[in-house]
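**Student:** Here's a structure for you.
The values are calculated or read from the model by the stated rules, or taken from the named source; none is laboratory data. Computed from a predicted model, the values in this text were never measured in an experiment. So basically every Cβ, Gly included, is an ideal-geometry build from the backbone, and we count neighbours across all protein chains shown.
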Amino acid sequence: MERYFQPEIECMPREEMIKLQNEKLVKQVRHVWDNVPYYRKKMEEKGVTPDDIKSIDDLHKLPFLSKADLREAYPYGLLGVPLKDAVRIQSTSGTTGKRVVAFYTQKDIDLWEECCARAIVAAGGTDEDVCQVSYGYGLFTGGPGLNGGSHKVGCLTIPTSSGNTDRQIMFINDLHATILCCTPSYAAYLGERMKEMGYGPNDIPLKAGIFGAEAWSEEMRQDIQNTLGIKAYDIYGLTELSGPGVSFECSAQKGMHVNEDHFIAEIIDPDTGEVLPDGTQGELVFTSLDKEAFPLLRYRTRDICTLSREKCTCGRTHVKMAKPRGRSDDMLIIRGVNVFPSQIETVLLNYGYAANYQIIVDRVNMTDTLDVQVEMTPEMFTDNIGEIEAKQKELVDGLKSMLGLKAKVTLVNPKSITRSEGKAVRVIDKRKI
């Protein structure tokens, strides 16, 4: 039987949800206009005032915000409350330019933790569960978000953070952890290590996993589920909007329900900014309806996905977003072909390889090169050159079929690609473009 953390909201009839969103949006636009001069200026440049926004039907009139705006307004330019009312920051692990710093009031934190609690309950969590949070803590939102959500559900919470894999496994076994929260690549690594230690899926007390913060494929999900003997759920979020829990998967495991009482989702054409109909693939844009300290309107996530309002078997009425197919800004364009790392991962897993690989893109003699380095599993490891070449050719053909592009494949020894305890570094782009 499906459980809900806040059934009256999660199963709210559509008309009531639209009415709630309309009220919240009107109030939030006024809050931003009055308290965030940076965004007010953007509205003035577009000739829009709060009086023009009467319902969510007017949302398209508002200007977009992007990561570039967040960097430009760093650190306090988008703060929507007096500093004394802000109680915490979180920050992205951005690799270029200034970091993105997001602010929270206590109310912002409470609402964020409620969103994470909904995700834990959707994964079958109750106050009788033991929830091990192996996302990073500190400035990264993963640990603090799921930690707070776990407390709200009433689980015994094990705040292990990431790393120290053998200690993680000790706690899972000794404390009978039933829910694991971490990145999918770390879940795969934990599963690999447990297998080495002789644990089969039936020996592991875990029943569910809540995995997010990086792209992962359906094949990787099956792999993790089989190794750990669990049901693996996707969770989505961005530091800019609060963190994990913007949307989450239910028992159907077919897309993630957006917490629509807090966030409005739109899909736009990434080139023109035009709003696209449900079911059309495009860039995901979010408006936060409740955030006090960092109230972003029409924030461009750069994630590429679709939205669906088809009735869900779980009983939740909130719109579902598909697993992002990639990002409009980390999509690789190689010899004119759009390539998403998740496509490469799908091929590797289909051929029985673990999700430990690295994509190296370069430009030689004015032509893009694509080199995929793939770890052999211990079972398939061989030093027979002919056998390795045959396996490499098989993968070259599989990738060509998926991408429409020829890639070089190099099979490497088991465990020779650096393991990730946080986000995996999948792509190395050496081109000077």
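**Student:** Considering every residue within region 371-384, establish whether at least one is in a helix (DSSP H, G or I), closer than 30 Å to L190 by Cβ and assigned by TED's automatic domain parsing to the domain that holds V425.
**Tutor:** no
**Student:** Only residues in region 38-54 that are within 24 Å of Y74 (Cα to Cα) count as the first member; pair them with residues that are of a type in the set (G, A, S) and not in a helix (DSSP H, G or I), Cβ under 6 angstrom, at least 6 apart or cross-chain, and list the lot.
**Tutor:** Taking only residues 6 or more apart or on different chains, the pairs are Y38/A73; Y38/G77.
**Student:** Quick one: which residue in I224, I210, I204 is under 12 Å from the mean Cα position of the chain (by Cα) and within 20 Å of T165 (Cβ to Cβ)? Steps first, please.
**Tutor:** Values: I224 fails: under 12 Å from the mean Cα position of the chain (by Cα); I204 fails: under 12 Å from the mean Cα position of the chain (by Cα).
Going through I224, I210, I204 in turn, just one is under 12 Å from the mean Cα position of the chain (by Cα) and within 20 Å of T165 (Cβ to Cβ): I210.
**Student:** A further question follows. Given the criteria surrounded by fewer than 17 Cβ atoms within 10 Å (Cβ to Cβ) and of a type outside the set (D, E, K, R), does I18 qualify?
**Tutor:** Yes; evaluated as a whole, the condition is true for this residue.
**Student:** Considering every residue within region 257-270, establish whether at least one is assigned to a loop (DSSP other than H, G, I, E, B) and among the hydrophobic types (A, V, I, L, M, F, W, C).
**Tutor:** no
**Student:** Further question: Exactly one condition in (1) small (G, A, S); (2) over 22 Å from the mean Cα position of the chain (by Cα); (3) at pLDDT below 95 is false for S91; which is it?
**Tutor:** The number of the failed condition is (2).
**Student:** Further question: Any residue at all in region 340-359 that's outside the structural domain of N413 (by TED's automatic domain parsing), in contact (Cβ under 8 Å) with a residue 60 or more places away in the chain and under 29 Å from D429 (Cβ atoms)?
**Tutor:** no
**Student:** So S416 clears everything in (1) surrounded by 15 or more Cβ atoms within 10 Å (Cβ to Cβ); (2) under 30 Å from the mean Cα position of the chain (by Cα); (3) closer than 16 Å to Y353 by Cα except one condition, right? Which one?
**Tutor:** In the conditions (1) surrounded by 15 or more Cβ atoms within 10 Å (Cβ to Cβ); (2) under 30 Å from the mean Cα position of the chain (by Cα); (3) closer than 16 Å to Y353 by Cα, S416 misses (1) alone.
**Student:** So in region 242-257, with the set limited to residues that are buried (at least 23 other Cβ atoms within 10 Å of the Cβ) and among the hydrophobic types (A, V, I, L, M, F, W, C), which one is nearest to K107 (Cα to Cα)?
**Tutor:** Here the residue is V246.
**Student:** Here's something else I'd like to know. How many residues does region 383-407 hold that are surrounded by 14 or more Cβ atoms within 10 Å (Cβ to Cβ) and basic (K, R)?
**Tutor:** 1
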